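The values are calculated or read from the model by the stated rules, or taken from the named source; none is laboratory data. Remember, it's a predicted structure, so these values are computed and weren't measured experimentally. Note that we place each Cβ from the backbone using ideal geometry, even for glycine, and neighbour counts take in every protein chain shown. The area values use the complete protein model at the heavy-atom level, side chains included, leaving out ligands, DNA and RNA. Shrake-Rupley method; radii C 1.70, N 1.55, O 1.52, S 1.80 Å.
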Amino acid sequence: MKRPEPLEIFQPASVEEASAIVKEKGPGGRFLAGGTDLIIAIKEKGLAPKYVVDLKRVPNLSGIREEADGSLTIRALTTMREVEISPLIRKRFPFLAQSAAEVGSIQIRNRATVGGNMANATPSADVAPSLLVLEARAKIASAGGERVLSLEEFFHGPGQTAMLPEEILTAIVIPPTHPKLVGEYIKFSPREMMDLAYVGVAIALVLNGKEKRCESVRIALGAVSPTPMRARKAEAVIEKQIFTEELAEKAGEEAAKECKPISDVRSSAEYRRAMVGTMTKRALLNAAAQRPGPVPWVERRERRY
Amino acid sequence: MMMKIRITLNGKSISLEVPAHRLLLDLLRDEIGLTGTKEGCGTGDCGACTVFLNGKPVNSCLILSGELDGAEIVTIEGLKIGPELHPIQKAFIQDGGVQCGYCTSGMLMMSKALLDENLNPTEEEIRFALSGNLCRCTGYAKIVQAVQDAAAELRRMRAEG
Amino acid sequence: MEQLTIVGKPVTRVDAEEKVTGEAVYGYDLVLPDMLYGKALFSPKPHARIKRINTEEAKQYPGVVAVITGKDAPWTHGESIKDKPFLAQDKVRYIGEPVAAVAAMDEDTAQAAVRLIEVEYEDLPAYFSPEEACKPGAIPIHENFASYRKFDFIVPGSMPNVCEHFKLRTGDVEKGFREADLVLEERYYVPVIQHAAIEPHSSHAQVDPESGRVTIWVANDAPFRALHEISEALGLSQEKIRFINPLQGGGFGSKGGLKVETIAVALAYHTKGKPVRVKFNREETFISTLTRHEAVIHIKSGVKQDGTLAARQMTLYWGAGAYAEKSPTVCIRGSLPAPGPYRIPHVRVDGYAAYTNKPVAGSFRGYGIPQGAWACEQHMDEIAKKLRMDPVELRLKNIFVDGDLAYWGEQLHSVGLKETLIKATQAIEWGKPPGFPASQLGGEEARRLKPNIKIGKGFACISKPTRTPTTSKAGVLVNSKGEITVLAGTVEIGQGCSTILSQVAAEELKVPLDKVRMAPLDTDMIPFDASTTSSRSTYHMGNAVRRAAIDAREKLMEMARPMLEAKNEELACSNGKVYLKDQPQMALPIGDVVRRKLGNDGIVRGDASYTYEIGKDLDLETGHSDHASAFYMYATQAAEVAVDEETGRVRILRMSAAHDVGKAINPLNCAAQIEGGLAMGIGSALHEEMVIDSQGKVRNPSFLDYHLVTSLDLPEMIPIIVECPEPEGPYGAKGLGEPGLAPTPAAIGNAVADAIGVRICDLPLNPERVYWAIQQKRAKGSSRWLTEVA
């Protein structure tokens, strides 16, 4: 662990300017959003950027907006706390608000941004599975223009994304969703809060009719592969079927098979795999049973059990 | 790289020339001399360094001075209301919410942040709000009690205008 | 007995206001004029010879004042065994050992320069388990062990790397096993954990070039002991050394001994009189200060069919880490009562403190008791299960009561254990079917809906001795304004001693609490105290302050006698006044007494010293002593837990803690100590472990991965104060600081075993460990689950 070393800091007023600084200064720099990953990487992981480009003075890089077509834009510098308490997100995607609420502490969430979290591509990032099941897209800009990628394409590996050094993630866009979509995010970790996810499972589910036929299901996993991942084989177990507990359990087993966890100081790969099974089943059951709308923390905690 | 910044600290506007890489926590403690804000872990895991930045509680150990121009900062030294202890401070004393006291500054700042938003928090809401503030001495029970009592006092003050 | 006015009252803390305003100055906050900034380089090798150190580049770095290595600080120290160099000499013995250090104009410079130091190492074989380290043929971690200076009572024995072998011999265990109806043998393991006080470690030091005087500013919990240790190491008379104690942001045993202090002192000899500050960050605090002893514990018991204990044999391997520090005494005081607070006719205990190539283990709240209790109390429940006996019944049949002759040869008195056992178990409704508090898990209905949740109850009992014999001295000053200053060497580490000792002084001088202040702790000004450890302060320093206050009071009354024109009349003291007993209107405020006799600047001083007089010393062959401890603390804690069988996650639903404190001088503070102890105990039961890999590296040196409990991880806590007075203690008080966490893991372990029907012998009971235990039970039908020590 070390103290930050001398560095240059730039505070551009536009995305183009930010991108141009990186082009000009070359390698060895980092973009700075909330800093809750970057400063820790400097202190604990030996990162020593020569310069940082602070994006917080770029106008219009934060905020949550519902578009006319029903899609939802979360600009990159929106903080986790803003996502957690946003009435709009709590109404439409309570599980996304919940996954943001699982990140660190309130102090951390007041700084940590959605864009920063995605750009750092941590496999255990809590909001990533929720965004994956919403089939969110990443808007990327540079001096050269803008492009849009699906979040799945965006993640390449731990700390690795599809972005070029001078590119900036400007927004996450959640496309219009089915009105009956329900979802769930369960973070599994030893303590109630403040841990990294040992396993994270997000579900987005559309069930039809009294018989609960599954019109669509998306399952995404965090902390159990090099990138947050969709569990497509598990989805296939349920897709178009009548939703039952047995099927949820089978989907869990399938998810456990298709994830690619590693062993580390937090837990063994085998245990993570087993927990993917259990948590996927629980998340599916919770999602299927769910009332729409925000849920108090105490109840969210109970859903882990 | 040295930077000129202007910040408002505990209500007073000040200009500083600081290295951009200096952490807000070190700026407060080493350069300005306000040591009420504590360092426990340096990685945002303990909350001892909690201060208000532009009205929101944050970990000052994860913020560079270079980010701060124009910022408004409130530390534990700015919590008193004039010469009077804030009701949260009084409640921590009264209920035994302080032992070694090293986490106390951060606990108080976070408690204030909670009560600024919610004057009638449940026990679970208090525990949730304080979950990023580690205490090794108290077992939290008396801290939670203190926040409840402070909330009651603040409600009483508000009702009396 | 006289009516008590302040003692026994739940007054608020005298030190709280400066802490809630941020004005309190802790060691980590302290800035000295002209101060330099120190930084150490730590060993990356668990066991290696140092072949070469190159400091040239670091010395050339602009702003660097000094770069030093072991050659520049040729001293060794150690409380019990002088085995630890200030900076590594010739070899390193653990990852995290300080090898070199830099003093510079600022912290950035110190950090940059220290990274320019090059060290070349030659690897040596390393040991990471105390059991392995002392097997025949193991190579010594300390080649020159025999030549080290040691405490007289240390018996290393003949096994390699063992720095203490404690023996307890009572009766004939083999005979006891033969006579028993049931013989049960088990093995338990407690991993390395850390105190994790929220304030990291730091020390400031200055050496006056002319006088050679060394001043050290550090939040050490035993400044007089540290002073002695530094004096012996440097070969300097004690008058030449001064310790000044800033406030301490949590101790729990971590801030005893010398860690960062030695680096600061070594640097201060090379800074031409300038003070130097060395701060450890959190990672450095994890790897280079002190830890709690890991312990491998073998326990074997013989029991009669009716539950009467016939014999118990225990072998305990205490992992000392790379240097002895307090390991010999942890080994002695942890092994001696390890067989538990029970009447057992035949007992044999062998405790071995063994060097390993792990970070240094030191004192930790509980001093060996939690480790022994983890084994003994779970073992007791296993016995109860085998005998189909209620665990409470089994304890009641055997636990210590007044007048018992303990197996170490001491006649016990003031034993409140039975009351703690009954009250703690009642508080969680022992014997009733597993309750399901309505507030938890959504009530009864949720329980039916969640077949994966299993509920269980458990409890554990302990007794804990205190460091004996020891001395505390105190002074009490009364000035002409009637203000009282207490001079006491007890360190305020958060436990509340300044409030307790203020209460004692206020009680004896009959003044309001706000008239009393504690003098800052400076070894130049304050009378001697042994240490702020071992839950000894309320008893020892409480007695010393009480006597000093009485001394001052008697002096005041003697002075007041002519002023009140008293001849043979009896005088009394109350409300800050001295008066004639028969004519209470004839009264003088104590400040006036001082002023009239000694003038405005006058001070009346009372002094006292308290030493608990020990009978016979511990017998080195049998471990017997007729007074092994000044007093004993007794406690029972009981837990109700819910275990999620599909994940292994343990949630504690409620937990009671009944502690025999003798007399609660401050019930609010007692409850606070119990709750804090419980929280720490719950952390050590469920989460805490310093994960040290097969190369000796601590893999989780941060609060992200070393899991302290948060505000959300704790259950309803029910502190219960039991008062079985200790005649020698002040107002009957014993101690309380340490026992709060001692029985906690065992109580939770018993509850988990009750819930899931499988005994887990290793700590912590984290979800993964519990999960695999459940899986293994399902696969094999086994009800025991053990893991090998890493």
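Per residue of A:103-116, how many C-beta atoms from partner chains lie within 10 Å of its own C-beta, taken as a mean?
6
Sorting C:K464, A:K210 by accessible area (1.4 Å probe), largest first, what list results? Could you put the intermediate results ahead of the total?
Details: C:K464 5, A:K210 210 Å².
From most exposed to least exposed: A:K210, C:K464.
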In the range C:469-577, trypsin sites (Lys or Arg not before Pro) in a DSSP loop with at most 15 other beta-carbon atoms within 10 Å | C:K481, C:K567
In chain B, lysine pairs 8 or more places apart or on different chains with C-alpha atoms under 15 Å apart total 6
For C:D181, solvent-accessible area (1.4 Å; no DNA, RNA or ligand), Å² | 100
Sequence of B:L119, C:L258 when ordered by accessible area, the most exposed leading, probe 1.4 angstrom | B:L119, C:L258
Two pseudo-spin positions, 7 Å from Cα along C-beta at C:L124 and at C:E143, lie apart in nanometres by 0.7
Determine the calculated [θ] at 222 nm for chain C from helices alone, applying -39500 (n - 2.57) to every DSSP H run no shorter than 4 residues and normalising by the residue count; nearest 500 deg cm²/dmol.
-> -8000 deg cm²/dmol
Which trypsin sites (Lys or Arg not before Pro) does the range A:1-94 hold that lie in a coil by DSSP with at most 15 other beta carbons within 10 Å?
-> A:K45, A:K50
Give a quick list of trypsin sites (Lys or Arg not before Pro) in the range B:8-95 that DSSP marks as loop, anything other than H, G, I, E or B, with at most 16 other Cβ atoms within 10 Å.
-> B:K80
Top positive-direction residue, dipole computed over the protein assembly as shown with Cβ charges, set B:A152, C:A101, C:V207 = B:A152
With all protein chains present, calculate the accessible area of C:H627 using a 1.4 Å probe and round the result to the nearest 10 Å².
-> 70
Work the Kirkwood hydrodynamic radius out for the range B:2-78: mean of 1/r over every pair of different alpha-carbon atoms, inverted, in Å.
-> 12.1
Counting Lys +1, Arg +1, Asp -1, Glu -1, what net charge surrounds C:G623 among other residues with beta carbon under 14 Å of its beta carbon?
-> -1
Chain pair A, B: how much accessible area is buried, both chains summed, with a 1.4 Å probe, in Å² to 100?
-> 2900
Based on Cβ point charges of +1 for Lys and Arg and -1 for Asp and Glu, what charge dipole magnitude is obtained for the range A:64-174 about its Cα centre, in debye rounded to the nearest 20?
-> 360
For the range C:280-354, dividing by residue count, accessible area per residue (probe 1.4 Å) in Å² works out to 16
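Pairwise over distinct Cα atoms, reciprocal of the mean inverse distance: report the Kirkwood radius of chain B in Å, one decimal place. List each step's numbers first, then the result.
Numbers: mean 1/r = 0.0621 Å⁻¹.
One over the average 1/r among Cα pairs gives 16.1 Å for chain B.
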If you look at just the Cα atoms of the range A:182-300, how large are its Rg and its Dmax in Å?
-> 13.9, 46
Using heavy-atom solvent-accessible surface (probe 1.4 Å) with all chains present, what is the largest-first order of C:Y355, C:Y269?
-> C:Y269, C:Y355
Can you grab the distance from the C-alpha centre of the range C:107-140 to the C-alpha centre of the range C:348-408, Å, no decimals?
-> 34
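In Å², nearest 100, what accessible area do chains B and C bury in total when the solvent probe is 1.4 Å? Let's see the in-between values first.
Numbers: alone 8590 and 29400 Å², together 34220 Å².
For B against C, buried area totals roughly 3800 Å².
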Binning every alpha carbon pair distance of chain C at 10 Å from zero, what are the percents per bin?
-> 3, 13, 23, 24, 19, 12, 5, 1, 0
Would you compute, for the Cα atoms of the range A:180-249, the largest minus smallest coordinate along each principal axis and list the three values in descending order, in whole Å?
-> 39, 24, 22
What is the mean number of Cβ atoms from other protein chains located within 10 Å of the Cβ atom of each residue in peptide B:47-53, rounded to a whole number?
-> 3
Working from Cα positions, state the angle (0 to 90°, nearest 10) between the long axis of helix A:269-288 and the longest principal axis of chain A.
-> 70
Residues with beta-carbon under 9 Å from that of C:H413, excluding C:H413: net charge, scoring Lys, Arg +1 and Asp, Glu -1?
-> -2
Comparing each residue of the range B:1-31 in the complete protein assembly with the chain by itself (heavy atoms, probe 1.4 Å, ligands and nucleic acids ignored), those losing at least 30 Å² of accessible area are B:M1, B:H21, B:R22, B:L23, B:R29, B:D30
Going highest first, how would you order C:277-283, C:486-492, A:175-181 by mean Cβ packing within 10 Å?
-> C:486-492, C:277-283, A:175-181
Peptide C:697-707: average number of partner chain Cβ atoms within 10 Å per residue?
-> 5
Accessible area of C:I614 in the full protein assembly, 1.4 Å probe (Å², nearest 10) = 40
Any idea how far apart C:L4 and A:R301 come out in nm if each label point goes 7 Å out from Cα toward Cβ?
-> 3.6
Cα-based equivalent ellipsoid, the range B:87-159: semi-axes from gyration tensor eigenvalues, Å | 18, 13, 10
Those lysines that a straight Cα-Cα span of less than 26 Å connects to C:K616, excepting residues fewer than 8 apart in one chain | C:K150, C:K167, C:K326, C:K464, C:K473, C:K734
Per residue and in Å³, how big is the convex hull formed by the alpha-carbon atoms of the range C:269-322?
-> 166
Once the range C:238-342 is represented by equal point scatterers at the alpha-carbon sites, with solvent omitted, what log10 I(q)/I(0) does the Debye formula produce at q = 0.11, 0.14, 0.25 Å⁻¹?
-> -0.56, -0.76, -1.42
Direction-averaged shadow area of the convex hull around the Cα atoms of the protein assembly as shown, nm²?
-> 50.0
Please work out how many pairs of lysine residues in the range A:182-300 are eight or more positions apart (or on different chains) and have Cα atoms closer than 29 angstrom.
-> 28
Could you tell me what percent of the accessible area of chain C is made up of carbon and sulfur, with a 1.4 Å probe and every protein chain present?
-> 49
Heads up, the range A:8-57 by the C-alpha gyration tensor (a ≥ b ≥ c square roots of eigenvalues; a/c under 1.5 rounded, else a/b over b/c prolate, else oblate) looks oblate
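Might you report the magnitude of the Cβ-based charge dipole of the range C:690-790 about its Cα centre, with Lys and Arg at +1 and Asp and Glu at -1, to the nearest 20 debye?
Charge dipole, the range C:690-790, about its Cα centre: 660 debye, nearest 20.
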Checked against the positive end of the charge dipole of the protein assembly as shown (+1 on Cβ of Lys and Arg, -1 on Cβ of Asp and Glu, about the Cα centre), the farthest of C:P730, C:V14, C:T289 is C:T289
Determine which lysines satisfy two conditions relative to C:K59: a Cα distance under 18 Å, and not lying fewer than 8 residues away in the same chain.
-> C:K39, C:K71, C:K272, C:K274
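If you add up the charges near C:K150, with Lys and Arg at +1 and Asp and Glu at -1, over every other residue whose beta carbon is less than 11 angstrom from its beta carbon, what do you get?
Computed value for this residue: -2.
If you roll a 1.4 Å probe over the heavy atoms of the protein chains, what accessible area per residue do you get for the range A:182-300, in Å²? Could the numbers behind the result be given before it?
Numbers: 4370 Å² over 119 residues.
The answer is 37 Å² per residue.
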Carbon and sulfur: what percent of the range A:64-174's accessible surface (1.4 Å probe)?
-> 50
